[in-house]
Structures are given as structure tokens and as C-alpha cells.
Amino acid sequence: MLNALIHRDYALSGSIIVNIYDDRMEFVSLGGLVAGLHREDLFLSISQPCNEKLANIFYQLKHIEAYGTGLKRIMQYYEELDVKPEIAVTAGAFVLTLPNMNYINPLEPTNKPVKLKLQHRKVLDYLQTHEFITNEIVQELLAVKQTRAYAVIREMVEDGLIVKHDLNGEYILSS
């Protein structure tokens, strides 16, 4: 966030935009790179702040360690991870996307074994001989009420066992 404040072009009237998603955060700063710098230069600890006085104030307040170390330190946080930050630069904008280091995609298979509950097994057995299943079918199959059927379906989706098939409330086996 400090990088976005220090390197933003305040001659432009728009705001810094911070988009927060489950799997990432995006920082959009107006102004692109300072003339003469290229995207590749960002990782060489070169710093040419758009606002030198503002950078100096943050430095004196000890909010930044030194000029030109921000992106390098951000990248170091992700060294041991599969996900990496992404940088997009245009003439008018700079976008830094930081993946959520703790995000687990519920639709991606995990390496942890899933212990099937009896109700889940019944739903999976049903899907072996039928193309899809609905909340109503789960209610009848398991002899449960609508709320419990919904909970079973939600658990199975979260475990990656089934996926929503269409807008009619149909679920199919996860591939």
C-alpha cells in the first residue's frame, strides 16, 4: 500500500484502487512507471519515486526501510510458495496482484484424504447410476429435511466430491 501511495501520479484525478478477493489482493495505482524505467528495472532495487518528498517523509517515519526495496521484499515473502505476485504496467497504470498465501481453492483437489460420511457415500452411489442429483432427491434418498440435504450438498462441494451443474440446482460428480 505504501508503494502505491509513494509512486502514484497525483496529477491524475482517479483513486488508488484496492480490490480484495478470496485468493488475492490487487493494488491499482495511476501513472504507470516514471519515464525511463521499465518493468524489468523494478527487481534491480532501483527506485525513482514519483513523489520524492512523500517517499522521504515515509522513510523518516520509518515506514519504509530504504528506497527500492519494497518489491524485492514482497517477492521474498513468496519465494517458497507456488503462487507468485504479478505485476502489470501500462503507460497509465501499475497493478500489483498479491496472491493470498493461505487460500485453498475448494474446487481443487487436495492431497488430504477425505473420509466419506455415510450420507456422502449414498449420494455418490446414487450418482454412479444417475446423471445428476438435486436437493429434493437428496432429501428423499437420505430421508432428511431440506436444510440437512443442503448441508450435505455443501459439504460435498467443499470437499470437491460434486460440483454444481447448472442453474436448476443439479449437481454432478466432480471430475
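The values are calculated or read from the model by the stated rules, or taken from the named source; none is laboratory data. Because the structure is a prediction, the values reported are computed rather than measured. Methodologically, a virtual Cβ is constructed for each residue, glycine included, from the backbone with ideal geometry; neighbour enumeration extends over all protein chains shown. Surface areas here come from the heavy atoms of the whole protein model, side chains and all, with no ligands, DNA or RNA. Shrake-Rupley method; radii C 1.70, N 1.55, O 1.52, S 1.80 Å.
Of the conditions (1) at pLDDT 75 or above; (2) surrounded by 14 or more Cβ atoms within 10 Å (Cβ to Cβ); (3) of a type in the set (Ser, Thr, Tyr), Tyr67 clears all except one; give me its number.
(1)
Looking at the range 9-22 only, could you name the residues that are within 11 Å of Cys50 (Cα to Cα) and surrounded by 12 or more Cβ atoms within 10 Å (Cβ to Cβ)?
Hit for the range 9-22 is Asp9, nothing else.
Which condition breaks for Met25 when tested against (1) in contact with a helix residue (DSSP H, G or I) (Cβ under 8 Å, 6 or more places away or on another chain); (2) surrounded by 13 or more Cβ atoms within 10 Å (Cβ to Cβ)?
Here Met25 clears every test but (1).
Which of the residues belonging to the range 29-46 are touching a helix residue (DSSP H, G or I) at 6+ places or on another chain (Cβ under 8 Å) and either at pLDDT 80 or above or surrounded by 16 or more Cβ atoms within 10 Å (Cβ to Cβ) (or both)?
If the condition is that a residue be touching a helix residue (DSSP H, G or I) at 6+ places or on another chain (Cβ under 8 Å) and either at pLDDT 80 or above or surrounded by 16 or more Cβ atoms within 10 Å (Cβ to Cβ) (or both), then Ser29, Gly31, Leu33, Leu42 are the ones that fit.
Which one of these is in a loop (DSSP other than H, G, I, E, B) and open to solvent by 70 Å² or more (accessible area, probe 1.4 Å): Lys53, Lys62, Lys72?
Testing whether each residue is in a loop (DSSP other than H, G, I, E, B) and open to solvent by 70 Å² or more (accessible area, probe 1.4 Å) leaves just Lys62.
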